[in-house]
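The values are calculated or read from the model by the stated rules, or taken from the named source; none is laboratory data. Since the model is a prediction, treat every value here as computed from it, not as a measurement. Cβ placement follows ideal geometry from the backbone for every residue including glycine, while neighbour counts extend to all protein chains displayed. All accessible areas refer to the heavy atoms of the entire protein, side chains included, with ligands and DNA or RNA removed. Shrake-Rupley method; radii C 1.70, N 1.55, O 1.52, S 1.80 Å.
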Amino acid sequence: MLSKTAQVNNKLGFHLRAVSVIVQTALKYRATVTLAKDLRKRNGRSVFDLMLLEASPGTTLTIEVDGVDESEAMDAILKLFKSNFGED
Amino acid sequence: MIPPSDEPGPASGLDQKTPCAVATSQLLTGVVVSEGIAIGTALVISERLKVPRYEIPEPEIKQELSRFDRTLVASREQLQVLKQKHWESSQTVRILESQMLMLVDPLFMGDVIQRIRGERRNAEAVVADVTEEFCRSFEALEDPYMRERAADVRDIGHRIIRNLLGREYPSLESAGLGTVLICHQLSPSEVAHVSTRRISGIAAEVGGTTSHAAILARGLGIPALVGVTGACSSVASGDHVILDCVNGRIRVNPSHEEVVEYSDLKRRLIITKERLLAAQNVDSATQDGVSLSFRSNISVPAEVESIRPFGAQGVGLLRTEYLYMSSGGPPSEEDQYEAYRRVVEASPCGYTIIRTLDIGGDKNIPYLGIPDEKNPFLGWRSIRFCLDNPSVFKTQLRAILRAAAHGSVKVIYPMISSVEEVRQANQLVAEVRWELDHKGISYGKDVPIGVMIEVPSAALIAERLAEETAFFSIGTNDLIQYTMAVDRTNERLWSSFETLPLSVLRLIQMVMRAAEARQIPVSCCGEIGATPAGFLLLLGLGIRDFSMNVFAIPQLKLIASRISLTKARELVTQVMSLSTTEESRMLLENYLRPILESIEE
């Protein structure tokens, strides 16, 4: 299992668009993806769960990825954070 | 319910008479956002789904689960089809894609499956319950944007339940010609399903001039009412209705006499409209040969395609708020660039004036995080918001300047109240130009930048503003609101401002003098300019460029050809010598009545 932290830096935080991009990515891998800002882990494949996480800009999240293709999945997720989920 | 902002919803200004047959039918009222009359069969598309609730015997649970599963597949296919149908709108596609992800949401669907199994209840009932629980979770969030996502949850929940019940989405493909759409508020799904050719009118329970329903209707040129309280419960699908978007009412199951009378009114309306349209090529000039230009105010890029038949020379005001209101986040530079370019390229001739983001007041956009304010019209809105959020503002400016490479464009800043604001905004424009140069991206190099005169302070310092900008455009609605200290969403107060009060006439006179001294053009893009009396006064004050709701243009061209500038100036002098608005209204009405009658004959 891999664990990393990343900061939400896009302008609007985890609104529908950013969350959809994460879920679309998580669905491409077999590994499970969770995101958390406190103890409660949120399912990286659930649009609803991630929106209810209420990650506003500046929030630091712990990302955990577990499964056969975990390193590729982690890379892909971190890339999304870095690119501000493809927003401007 | 929001009354029109600087936009005349129904602005043909035709002198319609209300049919006077004794009303025997049920009557509902609303606010006209698109003028006309529709007589047809109602299709209620926000009717409450009746969710059946029953137990599932143990041996049939498996069957129930696979029924649910098949429904998800079918729902997904529907969304896929819609996505293809709407490929041109990247925002709609994005919404639909998010909805497709919701259909495979492990939390939501997992919960449904577990509870069908555990509670042995039918899928419809469980989906309805889970939807409500998720909605409550969203509604409890702090962020207003997130709270609004409850609507998305409900939208997807409804889709699943509909499919479980085998109740087709009221795809209007199957609706008969002349269907009048009755809804609570058009949801994204409903908008996506609307087949436009068969709808003759729309009535929505909630929403303002910028609601999806209103924008859709205006784009299609079909009559529409919003704010029709109780429409969905008072009207049933299949009812005969008269949608009277002249007087703002709906008659449900009208009597024969009412139908006859409204058909007659409708016919007269169409005839007048056709006559007015026939005047589209009449030169826009006054009786004494002063040439005028008429442009169209538009809210949605697609509207540009329908302005030519009305004789609009181009777009005198492109509102950009809709781009920001129709999605869950700010539109990207690319999306904006495409939208602006589309307008610039399709504009009949001359330039397009693009107004930078004018939010706040009565137009809030949840995700921008503008807090609830006690006096939103005096609040953190419009240019004030943009200057505090330079990255949002610069994204828009970049998109506009790039679009300007494809045709003639002018940019206008809304809500300017001081020279400082103009300088700050210009500084950001300079930065954007520098960045575009630096990156070698092509853009329009000579884009004139102007300011809206809609705050009294701007009118009072017009001569200073004229030194900083290339043109002015007067926004009469806000200028009246801020001069008279009257909230224009307050219907009790606002309805008395059918014409320009003396105070506002004086402010406009100051603006005209300041502009003349610096030789900069002044146009008017307010609602008042689209009324015969307002037009007459503005003409007399020196305005030659008008921008308005496109429907008002043919009539004003006819009026213009029947009055002289000399007379208009004389009337302004007379009106400004009077003390009350009522006196000036009488004076103008007496002068205009024969002219209006001669046009109608």
- Assuming R0 = 22 Å, what is the FRET efficiency of B:R70 and B:A151, from their Cβ-Cβ distance, to the nearest 0.05? 0.25
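For the protein assembly as shown, report the accessible area per residue in Å² (1.4 Å probe, heavy atoms, rounded to an integer).
Counting only protein heavy atoms, the per-residue value for the protein assembly as shown is 42 Å².
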- Note on the structure: Residues whose modelled amide H sits under 5 Å from the amide H of B:A285, counting only those 5 or more places away in sequence or on another chain, are B:L292
- Query: To the nearest 100 Å², how much accessible surface do chains A and B cover up together, summed over both, with a 1.4 Å probe?
  - Reply: 2200
- Task: Quick one: which residues, 5+ away or cross-chain, put their amide H under 5 Å from the amide H of A:G44? H built at 1.01 Å from N.
- Result: A:V33, A:T34, A:L35
- Note on the structure: Counting only DSSP loop positions in the stretch A:11-88, the trypsin sites (Lys or Arg not before Pro) whose Cβ has at most 13 other Cβ atoms within 10 Å are A:K28, A:R30, A:R40
- Message: On C-alpha positions alone, give me the angle between the axis of helix A:70-82 and the longest principal axis of chain A, in degrees, nearest 10.
- Response: 10
- Message: Report D for the protein assembly as shown in µm² per second (integer): Stokes-Einstein, Kirkwood Rh on Cα pairs, 10 °C, 1.306 mPa s.
- Response: 58
- Which percent of the accessible area of the stretch A:2-86 is formed by carbon and sulfur heavy atoms (probe 1.4 angstrom)? 49
- Report the relative contact order of the stretch B:356-478, percent, no decimals, based on alpha-carbon pairs under 8 angstrom and at least 6 residues apart. 25
- Order by accessible surface, 1.4 Å probe, largest leading, for residues B:D143, B:D69 comes to B:D69, B:D143
- Under a cut-off of 17 Å between alpha-carbon atoms, report the aspartates and glutamates in cross-link reach of B:K85, not counting same-chain residues fewer than 8 places apart. B:E77, B:E97, B:E173, B:E190
- Multiply the residue separation of B:S391 and B:Q26 by 0.36 nm, subtract the distance between their alpha-carbon atoms, and state the gained length in nm to one decimal. 126.2 nm
- Electrostatic dipole magnitude of the stretch A:2-86 [Cβ: Lys, Arg +1; Asp, Glu -1; Cα centre; debye, to 20]: 260
- Spin-label point model (7 Å from Cα, Cβ direction): what's the B:Q519 to B:V81 distance in nm? 6.3
- Message: As I understand it, the dipole of the stretch A:2-86 uses +1 on the Cβ of Lys and Arg and -1 on the Cβ of Asp and Glu, about the Cα centre. Which of A:M74, A:T59, A:L39 lies farthest toward its positive end?
- Response: A:T59
- Query: Can you pull out the chymotrypsin sites (Phe, Trp or Tyr not before Pro) in the stretch B:341-410 that DSSP calls coil and that have at most 15 other Cβ atoms within 10 Å?
  - Reply: B:W380
- Message: Going by amide H atoms built from the backbone, whose H comes under 5 Å of the H on B:M452, apart from near neighbours?
- Response: B:Y413, B:M415, B:I416, B:S473
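Taking each residue of B:532-539 in turn, how many C-beta atoms of other protein chains fall within 10 Å of its C-beta, and what is the average?
Whole-number average of other-chain Cβ neighbours for B:532-539 is 0.
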- Can you pull the Kirkwood radius for the stretch A:2-86, inverse mean 1/r over Cα pairs, to one decimal in Å? 12.3
- Query: Which listed residue (B:G289, B:Q509, B:F535) has the Cα farthest towards the positive end of the charge dipole for the protein assembly as shown, taking +1 on Lys and Arg C-beta and -1 on Asp and Glu C-beta about the Cα centre?
  - Reply: B:G289
- Query: So which of B:K83/B:K445; A:K82/B:K394; A:K28/B:K83 end up more than 32 Å apart, counting from Cα to Cα?
  - Reply: B:K83/B:K445
- Task: Report ³J(HN,Hα) in whole Hz for each residue of the stretch B:294-308, in order, from the Karplus equation J = 6.51 cos²θ - 1.76 cosθ + 1.60 where θ = phi - 60°; Gly and Pro get x.
- Result: 10, 10, 10, 7, 10, 10, 10, x, 4, 4, 4, 6, 9, 8, 4
- Item | Additional length obtainable on full extension of the chain from B:S457 to B:R569, 0.36 nm per residue less Cα span | 37.8 nm
- Based on the alpha-carbon gyration tensor of the stretch B:350-408, what equivalent-ellipsoid semi-axes (square roots of 5 times the eigenvalues) come out, in whole Å, largest first? 26, 12, 8
- Note on the structure: Note, the stretch B:570-577: 3J(HN,Hα) by Karplus (6.51, -1.76, 1.60, θ = phi - 60°), whole Hz, Gly/Pro = x, goes 4, 5, 4, 4, 4, 4, 6, 8
- Against the longest alpha carbon principal axis of chain A, how many degrees, from 0 to 90 and to the nearest 10, is the axis of helix A:16-26 turned? 10
- Task: Have a look at the DSSP beta bridges in the protein assembly as shown and tell me what percent are antiparallel, nearest 5.
- Result: 50
- Query: Across peptide B:102-113, what mean number of C-beta atoms from other chains lies inside 10 Å of a residue's C-beta?
  - Reply: 4
- DSSP loop (so not H, G, I, E, B), at most 10 other Cβ within 10 Å: list which GluC sites (Glu not before Pro) in the stretch B:335-385 pass both filters. none
- Let me know the charge dipole size of the protein assembly as shown about its Cα centre in debye, to the nearest 20, where only the beta-carbon of Lys, Arg (+1) and Asp, Glu (-1) is charged. 700
- What list of ³J(HN,Hα) values in whole Hz, one per residue of the stretch B:252-257 in order, does the Karplus curve 6.51 cos²θ - 1.76 cosθ + 1.60 (θ = phi - 60°) give from phi, with Gly and Pro shown as x? 9, 6, x, 6, 4, 4
- Residues B:E58 and B:E435, FRET efficiency given R0 of 56 Å [Cβ-Cβ distance, rounded to 0.05]: 0.25
